[in-house]
Amino acid sequence: MESVGWLICNVSAARGFLTIAFDPSYTGESGGSPRYMTSPDINTEDFSAAVDFLSVQPNVDPEKIGIIGICGWGGLGLNAAAMDTRIKASAIMTMYDMSKVTANGYFDYEKDAATIKRERMENRRKLNAQRTADYKSGTYAHEGGVPDNLPDDAPDFVKQYYDYYKTKRGYHPRSLNSNNGRNLTSQLTFMNMPQLTYVDEIETPVLLVHGEKAHSRYFSEYAFEKMTGTNPHGQSMTVGNKELMIVPGAIHCDLYDGGTHGYIPFDKLESFFKASFHEVRP
């Protein structure tokens with residue numbers, strides 16, 4: 001899990017919330033085999049499994065359970081909120097829509113439909129050939145995390161990931177992004193199962209938080225528009241109980257650990273959940 005998950009849990013606990021942080025199935029400290037497998041359905045279920053656990057604890061009000069999703073787990077958290085009506089509020093930080101980026105590549109708004117279709121078919125062929133190779137070898141090829149040595153022409157966002165995942169800020173020996181990444185063929189199910197299909201049916205409050213200068217900001221803008229029918233055009237905006245908060249100056253990884261300027265809006269997160277839970281009626 002990104003270190004911001006643990007950081008936010010610790011700070012939230014200090015502010016009076018009962019919190020639980022978990023690694024997704026098949027990764028980190030969680031169980032499951034084969035290791036390093038990801039899946040939109042299983043990783044959505046991970047959120048609901050946490051809600052299962054919390055909702056039966058004697059010191060938890062089951063009508064006041066919220067989730068925080070970060071990066072790729074932000075999109076999965078939205079998918080969980082669309083599925084699980086026990087989730088009463090969702091704060092989604094610096095989100096990736098893993099289905100969208102896996103199927104269409106980065107910055108798909110710059111491509112035409114024919115290019116996206118062609119690239120997607122080429123990728124399917126490669127990944128299915130890899131499935132055959134994996135079956136023959138009895139092992140799983142990994143897609144690779146952040147490279148140990150950055151090429152000079154690496155995109156800025158890859159350099160930013162390096163500054164996080166390959167340094168003491170975020171490196172962990174069992175972190176997928178710090179090391180060899182997820183199993184390569186995991187991409188196939190993400191390509192074929194758009195995870196934000198039903199987010200417009202989320203009735204509970206949602207707060208999307210993204211950095212002004214994050215390469216990934218368009219994912220939150222897309223999700224906000226899908227939920228509300230309103231294009232925010234990169235601006236902070238509230239429509240009903242859905243809010244997009246743009247953090248001035250912040251890049252993607254700044255909302256993992258706060259970066260150098262304490263970019264994580266803890267006061268906003270606290271007020272959002274408290275206001276959302278106040279609205280809940282048993």
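The values are calculated or read from the model by the stated rules, or taken from the named source; none is laboratory data. All figures in this text were calculated on a predicted structure; none of them were measured in a lab. No Cβ is skipped: glycine too gets one built from the backbone with ideal geometry, and neighbour counts run over all protein chains shown. Only protein heavy atoms, including side chains, enter the accessible area calculation; ligands, DNA and RNA are left aside. Shrake-Rupley method; radii C 1.70, N 1.55, O 1.52, S 1.80 Å.
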Can you pull the semi-axes for the stretch 129-272, root of five times each eigenvalue of the Cα gyration tensor, sorted largest first, whole Å?
-> 31, 22, 13
Enumerate by residue number the chymotrypsin sites (Phe, Trp or Tyr not before Pro) in the stretch 123-209 meeting two conditions: DSSP loop (anything except H, G, I, E, B), and at most 10 other Cβ atoms within 10 Å of the site's Cβ.
-> none
Can you tell me the 0 to 90 degree angle between the C-alpha axis of helix 40-55 and the longest principal axis of the chain, rounded to 10?
-> 30
If r is the Cβ-Cβ distance from F266 to I20 and R0 is 25 Å, what FRET efficiency results, to the nearest 0.05?
-> 0.90
What does the accessible area per residue of the stretch 166-268 come to in Å², with a 1.4 Å probe and no ligands, DNA or RNA counted?
-> 46
Where does the charge balance sit around D52 when Lys and Arg score +1, Asp and Glu -1, over other residues with C-beta under 11 Å from its C-beta?
-> -2
Could you point to the label whose value was computed as Kirkwood radius over Cα pairs in Å for the structure here, given (1) 18.2; (2) 19.5; (3) 21.2?
-> (2)
Multiply the residue gap between S48 and E119 by 0.36 nm, knock off their C-alpha separation, and tell me the result in nm, one decimal place.
-> 22.2 nm
Placing +1 at every Lys and Arg Cβ and -1 at every Asp and Glu Cβ, with all other atoms neutral, what dipole size does the chain have around its Cα centre, in debye to the nearest 20?
-> 480
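Can you give me the orientation-averaged projected area of the convex hull built on the Cα atoms of the stretch 43-134, in nm²?
Seen from a random direction, the Cα hull of the stretch 43-134 projects 8.0 nm² on average.
Give me the 1.4 Å probe accessible area per residue for the stretch 90-163, excluding ligands and nucleic acids, in Å².
62
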Sum of -39500 (n - 2.57) over DSSP H runs of 4+, divided by residues of the chain (222 nm, nearest 500) | -13000 deg cm²/dmol
In degrees between 0 and 90, to the nearest 10, how far off the longest principal axis of the chain does helix 217-228 point, with axes built from Cα atoms?
-> 50
Label zone at T85, where the point sits 7 Å out along the Cα-to-Cβ direction: the stretch 188-207 residues whose backbone N lies under 16 Å | 199-205
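Within the stretch 12-69, which GluC sites (Glu not before Pro) sit in a loop by DSSP and count at most 14 neighbouring Cβ atoms inside 10 Å?
E29, E63
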With the convex hull built on the Cα atoms of the stretch 32-188, state its orientation-averaged projected area in nm².
-> 11.9
Principal-axis tilt of helix 156-165 within the chain, Cα atoms, nearest 10 degrees = 70
